[in-house]
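First the structure, in the form of structure tokens, and then the observations on it.
The values are calculated or read from the model by the stated rules, or taken from the named source; none is laboratory data. Predicted model, so just to flag it, every value in this text is computed and none were measured. Virtual Cβ from ideal backbone geometry, glycine too; neighbours counted across all protein chains shown.
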Amino acid sequence: MKQGISIAIDGPAGSGKSTIAKLIAVKFGYLYIDTGAMYRAITLKALQQGVSPQDEKSLAELAMGTKIVLRDEKQDKELKLRVFLDEVEVTHQIRSLEVTNNASAVAAVAAVRTNLVKMQRQMAAAGGVVMDGRDIGTVVLPHAELKLFLTASIGERSRRRFLELEAKGVSVTLAELEEQIRHRDFLDSNRQVDPLCQATDAIFLDTTSLTIDQVVEKIIELSLEKGAALDVCN
Ligand code: C5P
């Protein structure tokens, strides 16, 4: 029996998907699945093994023999995601600049996607999930009860990412970040296989001038309409 509804959140880089998805998952006591973390983990493995992001055949083999585990951990009502690649924790490594800059090329390989999409569907099979990525509403969970397409202006997305990195002590300029995000959006939206696009039945949410709380409130309202039940403990 399904344990709750499936909520699919898609959108471009830096649109706030993961921040919002985690908060929603806590509110409903749902599983949070960050599919971007899975593409990042495969990218990290390719880089570690010296496999070029352009070498499709080797990437396909690599994806077949890889185990990725996502573990949600709740700390003071906040959800923290831990990522394991072949049993080794890579939670922080997958956020490096090198991984970020190579993930779109790895994610464009059809066989890599087939593999990860299969894993993602298995992870979501029981329902009660919030899954974020680029192709969730269109490909991974086409029957999700609620689909959202989150975006914000390029300036605002770059600003948010800048503040996030600044808080972590990473030195990068706003202009550099904007260029990286533009490039990643271009690759993700123009690839042959499962490009980033809004599902026809997804609700479009421009968060440029909204606070995180406003976005979360809106999504809670939409989820309740679709039959989700709030977790009484949160
Ligand atoms: O979401 P995040 O920015 O961490 O994703 C990293 C990369 O993984 C994206 O730039 C995109 O190329 C890829 N990705 C994807 N499909 C998804 C999730 C992420 O292609 N469902």
Query raised in the report: Before we move on, is T207 at pLDDT 95 or above, more than 30 Å from Q75 (Cα to Cα) and hydroxyl-bearing (S, T, Y)?
Result: no
Query raised in the report: Taking interchain pairs and intrachain pairs at least six residues apart, which have beta carbon atoms under 7 angstrom, with the first residue in the stretch 14-27 and near the ligand (Cβ under 9 Å from one of its atoms) and modelled with pLDDT under 95 and the second among the hydrophobic types (A, V, I, L, M, F, W, C) and in a helix (DSSP H, G or I)?
Result: G14/I181
Requested in this report: Identify, from the list I7, I42, the residue that is buried (at least 21 other Cβ atoms within 10 Å of the Cβ), assigned to a helix (DSSP H, G or I) and of a type in the set (V, I, T).
Outcome: I42
Report task. Take the residues in the stretch 28-39 that are surrounded by 20 or more Cβ atoms within 10 Å (Cβ to Cβ) and under 22 Å from T207 (Cβ atoms), then tell me which one is farthest from the ligand (Cβ to nearest atom). Result -> F28
Query raised in the report: Is it the case that some residue within the stretch 128-142 is assigned to a loop (DSSP other than H, G, I, E, B), modelled with pLDDT of 95 or more, buried (at least 16 other Cβ atoms within 10 Å of the Cβ) and on the phi > 0 side of the Ramachandran plot?
Result: yes
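Specify the residue that is farthest from T91 (Cα to Cα); the eligible residues are those in the stretch 48-61 that are touching a helix residue (DSSP H, G or I) at 6+ places or on another chain (Cβ under 6 Å) and part of a helix (DSSP H, G or I).
Within the stretch 48-61, the match that is farthest from T91 (Cα to Cα) is A60.
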Query raised in the report: Given the residues G227, G155, G169, which is the only one that is more than 13 Å from the ligand (Cβ to nearest atom), out of contact with any Pro (no Cβ under 7 Å at 6 or more places or on another chain), at pLDDT 95 or above and of a type outside the set (D, E, K, R)?
Result: G155
Report task. Can you work out which of the residues in the stretch 41-65 that are in contact (Cβ under 8 Å) with a residue 40 or more places away in the chain and polar (S, T, N, Q) is nearest to V99 (Cα to Cα)? Result -> T43
Query - Matching option when the condition is without any contact (Cβ under 8 Å) to a residue 60 or more places away in the chain, among the acidic types (D, E) and in contact with a Phe, Trp or Tyr (Cβ under 6 Å, 6 or more places away or on another chain), among D76, D72 - result: D72
Query raised in the report: Is it true that some residue in the stretch 82-97 is within 14 Å of the chain's Cα centre (by Cα) and in a helix (DSSP H, G or I)?
Result: yes
Report summary line: Out of (1) farther than 25 Å from V51 by Cβ; (2) modelled with pLDDT under 95, the one Q180 does not meet is (1)
Report summary line: When restricted to A144, A124, A202, the only residue within 15 Å of the ligand (Cβ to nearest atom), under 30 Å from K57 (Cβ atoms) and in contact (Cβ under 8 Å) with a residue 60 or more places away in the chain is A124
